[in-house]
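The values are calculated or read from the model by the stated rules, or taken from the named source; none is laboratory data. Bear in mind the structure is a predicted one, so any value in this text is a computation, not a measurement. When we count neighbours, we look across all protein chains shown, and the Cβ atoms used for this are built from the backbone with ideal geometry, even at glycine. In case anyone asks, the SASA skips ligands and DNA or RNA and just uses the protein heavy atoms, side chains included. Shrake-Rupley method; radii C 1.70, N 1.55, O 1.52, S 1.80 Å.
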Amino acid sequence: MNVLFLCTGNSCRSILAEATFNHLAPAGWHALSAGSHPAGALHPGALALLAKEHISTDGYYSKSWDALPSVPDIVITVCASAAGETCPAYLGPVLRSHWGVDDPGHVTGTDAEKDAAFRVTYGILRARIEAFFALPLEQLRHDPVRLKAELDNISSVFAPAAPKDVLVC
């Protein structure tokens, strides 16, 4: 099955999710990412974090949802609508869920504060992706109502708490 991680700019969160998902994915599962208004480049902070995690970014780039090679089975938006950010609405006959996280690309401050924001975002996304892969996927792929409910439940999964010496913005 193909999962599309969707965000407006497709430069930080959706790329972190796509690369992490593909790094952890069992056979038969694949992620793509796209944006409704792609930034045109991947954020250096996202690339640096993925490199530290030994997750390949070969072939990844900021792209429009109009340029997808295939129609996804599942679309997961990762923008933080609670923060006043507009989430793109993918129009297509797919299962949809929202796993909103703050955009680390908009954090200002020291390099350490920016790096911490990327680590927090990555940690949340990775925890949610691991929760996804812990589901009985073979059963759920044939039960879209239950799969949708499980995907929506995963949106409340957060990463382990940040160390006390790390400033989280």
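Results for (1) modelled with pLDDT of 90 or more; (2) outside any strand (DSSP E or B); (3) open to solvent by less than 20 Å² (accessible area, probe 1.4 Å), shown as yes or no for each residue.
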site: 21; (1), (2), (3): yes, yes, yes
site: 42; (1), (2), (3): yes, yes, no
site: 46; (1), (2), (3): yes, yes, yes
site: 49; (1), (2), (3): yes, yes, yes
site: 91; (1), (2), (3): no, yes, no
site: 121; (1), (2), (3): yes, yes, yes
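All but one of (1) without any contact (Cβ under 8 Å) to a residue 60 or more places away in the chain; (2) among the hydrophobic types (A, V, I, L, M, F, W, C); (3) in contact with a helix residue (DSSP H, G or I) (Cβ under 8 Å, 6 or more places away or on another chain) hold for residue 80, so report the exception by its number.
(3)
For the stretch 88-126, which positions are more than 11 Å from the chain's Cα centre (by Cα) and aliphatic (A, V, I, L, M)?
Residues satisfying the conditions are 89, 91, 94, 95, 107, 112, 116, 117, 120.
Check residue 77 against each of (1) modelled with pLDDT under 95; (2) crowded, with 18+ Cβ neighbours inside 10 Å; (3) farther than 23 Å from residue 140 by Cβ and name the one condition it does not meet.
The single condition residue 77 does not satisfy is (3).
Which one of these is surrounded by 13 or more Cβ atoms within 10 Å (Cβ to Cβ) and modelled with pLDDT under 95: 67, 34? Before you say what the answer is, go through the steps one by one.
Working: 67 fails: surrounded by 13 or more Cβ atoms within 10 Å (Cβ to Cβ).
Checking each option against the conditions leaves just 34.
Given the conditions (1) at pLDDT 90 or above; (2) among the charged types (D, E, K, R); (3) open to solvent by 60 Å² or more (accessible area, probe 1.4 Å); (4) part of a helix (DSSP H, G or I), which single one is not true for residue 102?
(4)
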